[in-house]
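Engineer: Below is the structure I would like to discuss, written out as structure tokens.
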Amino acid sequence: MNTSLLMFFKNHFIKQLFTSFLDLLPILFVVLVFQILVIQQPIPDVLNLMIGTLFVVLGLALFMLGLEQSLFPIGESMAHAFARKGSVFWLLVFAFCLGFGTTIAEPSLIAVANEAAKIASTGKVIASTIEAKEDYAFGLRISVALSVGFAILIGVLRIIRNWPLHYVIISGYIVVVTMTPFAPPEIIGIAYDAGGVTASTISVPLITALGVGLASSIKGRNPLIDGFGLIAFASLTPMIFVMAYGMLL
């Protein structure tokens, strides 16, 4: 049994390696074509390029294998368990905590928040002290994490109540467009970018698995129609929350 399992993982991993290489191939092709035909210069440090490409392919393969073996099953099984338990309250609490937890530690969000704090300090929007920059960056991270938690909560409630997805999305963007003229100009770009950094490598698989698993567990819901759309909420609400944060600050 162990040998069969080992062979399955080995074959699956080799297949995933090949798939990851094919996914990376267009990027390599574009870089090589522009480097050779447009820039017309030799490729610098070819050995490091080859080693780095190997690492990227290996990392992508391991990441995808990890998603298939752990994060997707965990998200779907927890969604099924909450649906069987029949507790809407705890399901919504879990949805909020999942959105908040996966976002607050997102590296890209930390990078954007720290960079925003530096620029805000340079532009005299906040004081130039380390404490002021840390507070500003932390406030941005908390605002985005709270917004994603709220977004996943609303998304789960939408699946339960069978609300049309486009009504909620259109309403959200109306709020975004309405708030934009009143928000400080310094925060608008950050707010719009914050919507993009929430789609992280950890939150996306877990949130997608939660939506699909929940839609599969509720009678009358279609996993393809009702199970997706949570990521759209996670990208929408940070714009609202960060602009509100800027207006209040």
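The values are calculated or read from the model by the stated rules, or taken from the named source; none is laboratory data. Predicted model only: the values in this text are computed from it and were never measured. Cβ atoms come from the backbone with ideal geometry, glycine included; neighbour counts cover every protein chain shown. The accessibility values were calculated without ligands, DNA or RNA, using every heavy atom of the protein model including side chains. Shrake-Rupley method; radii C 1.70, N 1.55, O 1.52, S 1.80 Å.
Engineer: Can you list residues from other chains, or at least 5 along the same chain, whose modelled amide H is less than 5 Å from the amide H of ILE126?
Structural biologist: SER121
Engineer: For the chain, rounded, prolate or oblate, judged on the Cα gyration tensor with a ≥ b ≥ c (square roots of eigenvalues), a/c < 1.5 rounded, else prolate if a/b > b/c? Please list the in-between numbers first.
Structural biologist: Details: a/c = 2.01, a/b = 1.06, b/c = 1.90.
The shape class here is oblate.
Engineer: Say R0 is 22 Å: what FRET efficiency, to the nearest 0.05, do SER128 and LEU248 get from their beta-carbon distance?
Structural biologist: Given R0 = 22 Å and the Cβ-Cβ separation, E is 0.55.
Engineer: So if R0 is 51 Å, what FRET efficiency would THR53 and ALA81 give, r being the distance between their Cβ atoms, rounded to the nearest 0.05? Intermediate values should be presented prior to the final figure.
Structural biologist: Working: r = 41 Å, r/R0 = 0.80.
Working from the Cβ atoms, E equals 0.80.
Engineer: Relative contact order for the chain: what is it in percent, counting Cα pairs under 8 Å that are at least 6 residues apart? Don't skip to the end; give the middle numbers.
Structural biologist: On the way: 277 pairs, mean separation 60.9, N = 249.
Across the chain, relative contact order equals 24 percent.
Engineer: In addition: Which order do you get for LYS124, LYS219 if you rank them by accessible area with a 1.4 Å probe, largest at the top?
Structural biologist: Working: LYS124 160, LYS219 190 Å².
Ranked from most to least accessible, the order is LYS219, LYS124.
Engineer: Ignoring solvent entirely, what values of log10 I(q)/I(0) come out of the Debye formula for region 63-165 at 0.22 Å⁻¹ when each Cα is a single scatterer?
Structural biologist: Those come out to -1.09, one per q.
Engineer: With the radius of gyration and the Kirkwood radius both derived from the Cα set of region 97-233, what is their ratio Rg to Rh?
Structural biologist: Checking Rg against Rh, the ratio lands at 1.05.
Engineer: Sticking with the crude label model, points 7 Å out along Cα→Cβ, report the distance from ALA199 to LEU22 in nm, one decimal please.
Structural biologist: Distance between label points: 2.3 nm.
Engineer: Under the rule of -39500 (n - 2.57) per DSSP H run of 4 or more residues, summed and divided by the residues of the chain, what mean residue ellipticity at 222 nm is obtained, to the nearest 500 deg cm²/dmol? Please list the in-between numbers first.
Structural biologist: On the way: 11 runs with 198 residues, N = 249.
Mean residue ellipticity at 222 nm (helix-derived): -27000 deg cm²/dmol.
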